[in-house]
1. Nearest 10 degrees, 0 to 90: what angle lies between the long axis of helix 2-11 and the longest principal axis of the chain (Cα atoms)?
2. Straight distance only, please: which lysines reach the Cα of residue 73 with their own Cα at less than 28 Å, same-chain residues fewer than 8 apart left out?
3. List the equivalent ellipsoid semi-axes of the chain in whole Å, largest first, each obtained as the square root of 5λ for an eigenvalue λ of the Cα gyration tensor.
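FYI, it's all coordinate maths here, none of it is from the lab. Note that the coordinates shown come from a computational prediction; the quantities given were computed from them, not determined experimentally.
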Amino acid sequence: MATEQHTNEHASMSKKKIWQVFFYLLGITALEFFIALVLVKNEYIPHGFANFIYIVLTLLKAYYIVAYFMHLKFENMTLITSIVVSLIFIVYLIVLLLTEGSYLNVHMN
């Protein structure tokens, strides 16, 4: 029964939905290029704000890729939660390592 339900959920991933997600990703990428090549180059927005927008748009693209092409949108919430919590700890570890490394670089030289 569970396998049947799981198969039916994946059946909703039709060619139409794949192309729809592709065009979402294409639109987000085009928006990133527009921001980089027009808005930042002509100094309509500052670099710091543009970097924040890039990070948000990249996370949005990562969500679409993971949710639809890696089929995590159709998985149980426990699997998704375990993956997200693991990724949060990995990002936290990287931030801590970079912070410690910059501290050592400043104070040891």
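1. The two axes meet at around 70 degrees.
2. 15, 16, 17, 61
3. On the way: eigenvalues 244, 128, 10 Å².
Computed over the chain, the values are 35, 25, 7 Å.
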